[in-house]
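Trainee: Structure incoming, see below.
The values are calculated or read from the model by the stated rules, or taken from the named source; none is laboratory data. As the structure is a computational prediction, the values presented were derived from the model and not from experiment. Ideal geometry is used to build each Cβ from the backbone, glycine not excepted, and the neighbour counts take in all protein chains shown.
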Amino acid sequence: MSFKRMGTALTVVAILAAIAFWQWGRRIEFTLGGMMVNLGYRLQDPLEEYDFEHEELTPQQIWEEFLRQNDRAASVREVWPRSARHPLVALVTCMDARLDTSEIAGDTRRYYYVLRLAGSVLAPKEEEMLELAVANGTKVVVFTTHTDCAAEKMAADAAQRPLYPSLTEALAERDERFQEFLDRPVIRERIAAHELLVQRMVLDTATDRVVPAAP
């Protein structure tokens, strides 16, 4: 290919790239950001023996390492501060550490209230907190349970249930508490006016993919 043709081809590519970025620039930027965040996760995730060696460290050593890691992270935030957002989505999830809400949403921006509860069981104070979030502008509430849940396994085991009576009772009332939330006046009115969407989903613990819960 001659230099003239090569120059013409590069010019066309540059023009097409500019048009694409003008048309889809924000989407491209968001996707690239997500790829970089995921790369960071994948770089850190396999380093099980770096800093936190669970079997060997004492509780005090783990606490001291947590403080060191927090200091490193806070130092980065001081140089590159995050943008303030008003949460539009409230995510109710179990406290299981395998559930990473940033990966579940595919979004590290602060558009999300995250409520982590044992077994994803609401109590009256959490119902009120979610209602307050809705009153302040939250438009979607995602109530989730997840596969391979330790709390659900415990509740299904007759030998373990007597050891955890409060958690067992809470899990038995989970559906009732969810319906109680839906019946709160502000929630009911916002849903009826199409100003609020409440979804009940199941999270695949292995993939973070959400699917509708069985009716």
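Trainee: Going by the conditions given, is D157 part of a loop (DSSP other than H, G, I, E, B), touching a residue at least 24 places away in the same chain (Cβ under 8 Å), among the acidic types (D, E) and surrounded by fewer than 16 Cβ atoms within 10 Å (Cβ to Cβ)?
Mentor: Values: part of a loop (DSSP other than H, G, I, E, B): yes; touching a residue at least 24 places away in the same chain (Cβ under 8 Å): no; among the acidic types (D, E): yes; surrounded by fewer than 16 Cβ atoms within 10 Å (Cβ to Cβ): yes.
So D157 does not fit the description; no.
Trainee: Against the definition (basic (K, R) and in contact (Cβ under 8 Å) with a residue 12 or more places away in the chain), how does R77 come out, yes or no?
Mentor: On the way: basic (K, R): yes; in contact (Cβ under 8 Å) with a residue 12 or more places away in the chain: no.
The answer is no for R77.
Trainee: Right, next: Which of the following residues is hydrophobic (A, V, I, L, M, F, W, C), under 16 Å from the mean Cα position of the chain (by Cα) and outside the structural domain of L39 (by TED's automatic domain parsing): A118, A155, A135, A151?
Mentor: Details: A155 fails: under 16 Å from the mean Cα position of the chain (by Cα); A135 fails: under 16 Å from the mean Cα position of the chain (by Cα); A151 fails: under 16 Å from the mean Cα position of the chain (by Cα).
Result of the check over A118, A155, A135, A151: A118.
Trainee: May I ask you to say which residue of E173, E152 is among the charged types (D, E, K, R) and touching a strand residue (DSSP E or B) at 6+ places or on another chain (Cβ under 8 Å)? Steps first, please.
Mentor: Details: E173 fails: touching a strand residue (DSSP E or B) at 6+ places or on another chain (Cβ under 8 Å).
Step by step, each of E173, E152 is checked, and only E152 is among the charged types (D, E, K, R) and touching a strand residue (DSSP E or B) at 6+ places or on another chain (Cβ under 8 Å).
Trainee: Tell me yes or no: at least one residue of the range 50-63 is polar (S, T, N, Q), over 30 Å from L167 (Cβ atoms), out of contact with any strand residue (DSSP E or B) (no Cβ under 6 Å at 6 or more places or on another chain) and at pLDDT below 90.
Mentor: Initially, the range 50-63 is screened for residues polar (S, T, N, Q), giving 58, 60-61.
Within this subset, residues satisfying the condition of being over 30 Å from L167 (Cβ atoms) are none.
No, because not a single residue in the range 50-63 is polar (S, T, N, Q), over 30 Å from L167 (Cβ atoms), out of contact with any strand residue (DSSP E or B) (no Cβ under 6 Å at 6 or more places or on another chain) and at pLDDT below 90.
Trainee: Any idea how many residues of the range 121-132 are farther than 12 Å from A90 by Cβ, more than 19 Å from the chain's Cα centre (by Cα) and either assigned to a strand (DSSP E or B) or not basic (K, R) (or both)?
Mentor: Residues meeting the conditions: 3.
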